[in-house]
Amino acid sequence: MRIFKRRRTTAAPADPIGGFWSWWEATGAAQIAESIALRDLTAAGAVLSDQVRRIHENLDWELGHGLHAEHVLIVTAAGDPGTRAIARRWLRAAPPSDHLWEYADLRRPSPDAGIKFDGMPLVSIESALVTIEPDSREAALHVEVHHPAFPALPDELRKRVTFLLLDLVLGEELVETWIGAISPAVVPPANAVPIAELLPAVASFAAAHVAEDGGPSWRLMEGETAAGDRLVATAMVPLRSIQMPHLDTHVAVEVPYQDAREDGLPKDETLSHLRDFEDHLTNRLGDSGRLLAHETAAGSRTLHYYVDGTTPAAAQLEAAITGWPDGPVTLKVTADAGWEGVRHLT
């Protein structure tokens, strides 16, 4: 059985992530490991909860068996897009794993576990049923989850158990990347299958949306602007912030072009120049940013970059936009941990 702790609130210090790891390396790692060995996390768990909520009140923590170490400490945003970047920065600041501890910011699959809250019986995973509805347009699988315990649970707890069941079967990354609409079902749906069939279904669906090199594929879309002009867009698939949660800032770069066809799209030579300019900007970013999509219409191309807001990546893009011959390039920077700025392209 895995150990989950719920959130509480407190004020955060100036460098909460650094403070956490200083505490962990000084006393925390040994204290938590000893408490696990003694099977009593009451006191040590309260200290760990306090240290985690000092980073952010919306973070959860979880302990489990490690893949390469004896234990794993997971600090997760638990589905909250606004704090995924914080959890990822916590992980990136972690010390190297050793024989005793490893670290993660996303819940891992644990299909043999169960879910237990105070005052309720154990919810076993194998009793759960799901319906699976593929949606190629959204690059997602919509699921409905039923468990025999649901009729006895209040609505909010039923929803929480539903998400925990999916996290335990798939792991948080697969859930956030490939699962779309999620709903609990009090009555078993007629076309439901055992929840064990969900992982192979997700793996098969994901394989159809991954490029040959193993990275995300890209989708070409066409439409019209509000003014009726032809619009062509290209976007990464799937377009989910869980893939790169540290990229929490949207930088929209508007690039004008003059040599256009009758439909407003760039002629071939102009298109080549636009691609060169895109490469020029992208090469400035390294791991601090990524181009996720672009839209082209009526003499203008919008490049949708997402960057790490704790780095100078946005300023680096701003410094690199000078020199374009077809007019001034403009740049708009917006905090956007959930990637709402490209949601219309999913």
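The values are calculated or read from the model by the stated rules, or taken from the named source; none is laboratory data. Everything numeric here is computed off the predicted structure, so don't read it as measured data. As a convention, Cβ positions derive from the backbone with ideal geometry for all residues, glycine included, and neighbour counts pool all protein chains shown. For the accessible areas, the whole protein counts, side chains as well, though only heavy atoms, and no ligand, DNA or RNA atoms are used. Shrake-Rupley method; radii C 1.70, N 1.55, O 1.52, S 1.80 Å.
Can you give me the pair-distance distribution of the stretch 157-251, C-alpha pairs, 5 Å bins, whole percents?
So the P(r) values, bin by bin, are 2, 10, 15, 19, 16, 13, 11, 8, 5, 1.
Counting only protein heavy atoms, what percent of the accessible surface of the stretch 44-169 is carbon or sulfur at a 1.4 Å probe?
Its accessible area is 53 percent carbon and sulfur atoms.
Please report, in whole Å, how far the alpha carbons of the chain spread along each principal axis, starting with the longest.
Computed over the Cα atoms, the extents are 72, 54, 34 Å.
Need one value: the accessible area of ARG290 in square angstrom, 1.4 angstrom probe, rounded to the nearest 10.
About 80 Å², ignoring ligands and nucleic acids.
For the stretch 1-150, calculate the relative contact order in percent as a whole number, restricting contacts to Cα pairs under 8 Å that are 6 or more residues apart.
Reported as a whole number, the value is 20 percent.
Using the per-residue mean of other Cβ atoms lying within 10 Å as a proxy for protection, in what order, highest first, do the peptides 238-247, 192-201 fall?
Details: 238-247: 21.9, 192-201: 15.9.
Those peptides, ordered most packed to least, come out 238-247, 192-201.
Listed highest first by mean packing, meaning other Cβ atoms within 10 Å per residue, what order do 105-114, 264-273, 295-304 come in?
295-304, 105-114, 264-273
Translational D (Stokes-Einstein, µm²/s) of the stretch 59-213 at 37 °C and 0.692 mPa s when Rh comes from the Kirkwood sum over C-alpha pairs?
This corresponds to a translational diffusion coefficient of 197 µm²/s.
Residues of the stretch 1-149: accessible area per residue at 1.4 Å, in Å²?
Values: 7420 Å² over 149 residues.
I get 50 Å² per residue for this part.
Counting only heavy atoms of the protein chains, get the accessible area per residue of the stretch 158-304 (1.4 Å probe) and round it to a whole Å² value.
Ligands and nucleic acids excluded, the figure is 45 Å² per residue.
What whole number of Å gives the distance from the Cα centroid of the stretch 160-187 to the Cα centroid of the stretch 57-87?
Between the Cα centre of the stretch 57-87 and that of the stretch 160-187, the gap is 16 Å.
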